[in-house]
Structure formats: structure tokens, C-alpha cells
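A quick write-up on the structure given underneath.
The values are calculated or read from the model by the stated rules, or taken from the named source; none is laboratory data. Just so you know, these numbers come straight off a predicted model, no measurement behind them. Because the Cβ atoms are built from the backbone with ideal geometry, glycine has one as well, and the counts that use them run over all protein chains shown.
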Amino acid sequence: MKERYQEQGYVLIRNFLSDNEVLELRAILNEFHHLWQQENSSFYAEKAVNSAYLTTNKFLNNAQRNHLFSFIGSEKVMALVNELLPKQPCFLNTQLFFNPMQDQQTNYWHRDPQYHLSIEQQQAALAAFDVIHFRLPVMDEPGIELIPGTHKRWDSTEELDVRLEQNDHKNNEALSQGNVIKLAAGDLLIFSANMIHRGLYGMDRLAFDILFCPPGPSVIKFVDEDCLPAEDTLQNIENPSAFRNTIKLKSALNKS
């Protein structure tokens, strides 16, 4: 698995979750999504396609949060995390991906770092740092389109023009190297945030993303401490190492 991820920038594992695991996770995600929509109705109606910070206590109760914490820190998940990030993997965030309210809203090619890094920093990040998405759809969906290998290489002229909407291009145009990966409920798609990719809207899209990363202060600074489990919760998690690594590093950053 590690070799394929390093080469292609993604790994697909079909039927990673059991039917029961999908049902349990879906119930929690639907509850979060319903309450999030109520509080963010204008943003949702205008353009939203994802939300974040699912493990705060803002929308979910303790039992629901603990279920997510236990799943994230399960040996089932952490065995994969440790294979891809063998040195101090850190929990970064959670996200929920859904369809836009407006049917005419188009998807868009992007690299996650483009929203907080300059072009030069984006190029440097390809060789220096990798945030990894663990995407778990709880409904069948069109999936994701990505360009394999772009987690390690810079954009072609075509890719850069489309991604950044340069030279009269739009970021929803087809790219010649795009690879569509359809996803079914219970699948797991692991992919690099550095990779050029776009979500595909349609069907009953609802996908839970868990983000992990190496212990880099430049990224850990974005972690919301309200999203981290308390000590009594950590003691009941099978493998809390990603949470503990983040808590330790976040504490050190706060003191510096």
C-alpha cells in the first residue's frame, strides 16, 4: 500500500467499513449535517460543499463525539495511518463533503495548499509536507477525480491554467489526465491533499474525511483544540497516538 501511495498519491480500499459501521457513522453525520445547515443556512444556500470540525461539542453530544474519536483512533484506521506516516502521525481535522444546494454549481480542480500558500510555497510543499485525507463515503456517490502523481510533481501548463483559472480557462474544465474514482458507501479512499483533485457532485453524496499529517508546526497551528478528545476519552481509545501527538505539539506551540 505504501509503495502505491508514494507513486500514485492515493489508495482505494473497497468495503473498508461493514454495513453496520456505515449505518452508525451515517446517523451521526446526518445529525451533524442537519444542525450545521440550520446554523449556516445562507452559506449553504450560496455555495457550501463541505463543513468541518465535526468532533467539537457544538453540534454532537458526547456519545456521538466519542464514537467518532473511537473510530478515528481504532486499530483498523491507525494501522493504515502508521504505514503511511510512520513518524509521529498527527490528527489534523475532520470534514464532511456533500452536494451544493444549487444544481448549477460546478466543482473545481484544486490542491488543498493553494488556499493558504503562495505558488512558490505550493511547489516547495510537494517535496516537504503531505496532509493525507481518509475519505469514507456513507452513501454511494460519483466519487472524486484526481490526477495521479501530482502529489509529487508540479502542474503542467494545462493543469495550472485550469486550476488557477488563467488564460481564459475555468477551474471546472476537463483535464486530460483526470482519473475518476467512483465510491460506494463503506469504501475508503486515501489521497494526498497536495494532489490536484476535485469532488464529483451528484447522487446522495455524503463523505466523512479524516485528515492526518506529520508533526509539522506550520500545519498543527490550524488545529482547533475543541476538536481534540479529553484525557478520559483518550484512555478509552484503542490507539490514541495521533491525538496525543497533536495535543503534545499543540501544547508546545501554545507555550512558545
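With respect to the conditions (1) among the aliphatic types (A, V, I, L, M); (2) touching a Pro at 6+ places or on another chain (Cβ under 8 Å); (3) in a strand (DSSP E or B), Ile210 lacks only one, and its number is (2). Does Phe91 meet the test of being hydrophobic (A, V, I, L, M, F, W, C) and more than 17 Å from Ala193 (Cα to Cα)? No.
A quick yes/no check of all residues on (1) modelled with pLDDT of 95 or more; (2) in contact with a Ser or Thr (Cβ under 9 Å, 6 or more places away or on another chain); (3) among the polar types (S, T, N, Q); (4) closer than 16 Å to Phe98 by Cα:
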site	(1), (2), (3), (4)
Tyr10	yes, yes, no, no
Asp19	yes, no, no, no
Leu23	yes, no, no, no
Ile28	yes, no, no, yes
Glu31	yes, no, no, yes
Trp36	yes, yes, no, yes
Ala48	yes, no, no, yes
Tyr53	yes, yes, no, yes
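Could you grab me the full set of residues in the range 34-47 that are surrounded by fewer than 18 Cβ atoms within 10 Å (Cβ to Cβ) and either in contact with a strand residue (DSSP E or B) (Cβ under 8 Å, 6 or more places away or on another chain) or among the aliphatic types (A, V, I, L, M) (or both)? Of everything in the range 34-47, those that are surrounded by fewer than 18 Cβ atoms within 10 Å (Cβ to Cβ) and either in contact with a strand residue (DSSP E or B) (Cβ under 8 Å, 6 or more places away or on another chain) or among the aliphatic types (A, V, I, L, M) (or both) turn out to be Leu35, Asn40, Ala45.
Once the range 217-256 is narrowed to residues that are buried (at least 16 other Cβ atoms within 10 Å of the Cβ) and not in a helix (DSSP H, G or I), the residue that is modelled with the lowest pLDDT is Val223. Between Thr106, Thr94, Thr56, which is assigned to a strand (DSSP E or B) and of a type in the set (Ser, Thr, Tyr)? Checking each option against the conditions leaves just Thr94. Within the range 5-22, the set of residues being part of a helix (DSSP H, G or I) and surrounded by fewer than 13 Cβ atoms within 10 Å (Cβ to Cβ) comprises Glu7, Asp19, Asn20. All of Thr106, Thr150 fail the test of being modelled with pLDDT of 95 or more and surrounded by fewer than 20 Cβ atoms within 10 Å (Cβ to Cβ), apart from Thr106.
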